[in-house]
Amino acid sequence: MKDLIQGYKKFRELVFPKKRKLFRKLADGQKPKYLFITCCDSRVVPNEFTQTDAGFMFVERSIGNLVPYPSAGENEAVAAVEYAVKALGVTSIIICGHTECGAMKAILDPDSLEDMPIVRAWLRNAEETRRVVAEKHGDKTGDALLEAAIRENVRVQVANAKRIPCVAELAKEGRLEIHGWVFDFARGEVEVLDETSDAVVALENYRTGDDHEMNA
Ligand SMILES: [Zn+2]
């Protein structure tokens, strides 16, 4: 644990003093704009690649960034969505997959989960992804197949999130945006998945509804 203690000391000495005001303000309550749903993978650090501070994003992580709804009933991911939307009033949900995702490799090779019955059970929530990939990408193999699975999985989870009643209601009124991203950690690049086609666009070229705020 020495490395963690060293990092903590650095945080205490160099980082925290500069952010003391922010943390003091956050003690009064959180008001994040974003719900960020991503994979547990250690290589995906959303606050790092979006350069955002504490209090900015409510983060839900699961193996494979899944939002298993509605078939799976109550679960952590859907509870996080409901809480973020209803209690915190987030105005955007981002569901972010990533390159080299072990969960997506596993759904393409279920035998690899033989020794991990609990992971296997969790990944049954990605059955829709597996079905879409088999239907649309049966001609692909290797890296191309994995890339397709990663993107299709994000699309499936975006669709699942939109079925959650509180999300559906606010999205319909234009008060909540839902975006699908894929983070390529080896390149340090994020792509945004188009909602209605297979197209992708680099995040820096993406036009969003709150652009006027960013430009203000
Ligand atoms: Zn992953």
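The values are calculated or read from the model by the stated rules, or taken from the named source; none is laboratory data. Computed from a predicted structure; not experimentally measured. FYI the Cβ positions are ideal-geometry reconstructions off the backbone, even for glycines, and counts take in every protein chain you see.
For the stretch 101-146, the tally of residues that are among the small types (Gly, Ala, Ser), within 14 Å of the ligand (Cβ to nearest atom) and under 22 Å from VAL81 (Cα atoms) stands at 2.
Looking only at the stretch 137-144, decide whether some residue is among the aliphatic types (A, V, I, L, M), modelled with pLDDT of 90 or more and under 24 Å from LEU108 (Cβ atoms). So that I can check it myself, show each step before the final result.
Here is the first cut: in the stretch 137-144, the ones among the aliphatic types (A, V, I, L, M) are 144.
So of that shortlist, the ones also modelled with pLDDT of 90 or more come out as 144.
Subsequent filtering for residues that are under 24 Å from LEU108 (Cβ atoms) retains 144.
Checked the stretch 137-144: at least one residue is among the aliphatic types (A, V, I, L, M), modelled with pLDDT of 90 or more and under 24 Å from LEU108 (Cβ atoms).
Results for (1) outside the structural domain of THR91 (by TED's automatic domain parsing); (2) assigned to a loop (DSSP other than H, G, I, E, B); (3) loosely packed, with under 11 Cβ neighbours inside 10 Å, shown as yes or no for each residue.
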| residue | (1), (2), (3) |
| --- | --- |
| GLU128 | no, no, no |
| ASP143 | no, no, yes |
| CYS166 | no, no, no |
| VAL182 | no, no, no |
| ASP198 | no, yes, no |
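Exactly one residue out of ARG151, ARG155 is at pLDDT 95 or above, more than 15 Å from the ligand (Cβ to nearest atom) and in contact with a strand residue (DSSP E or B) (Cβ under 8 Å, 6 or more places away or on another chain): that is ARG155.
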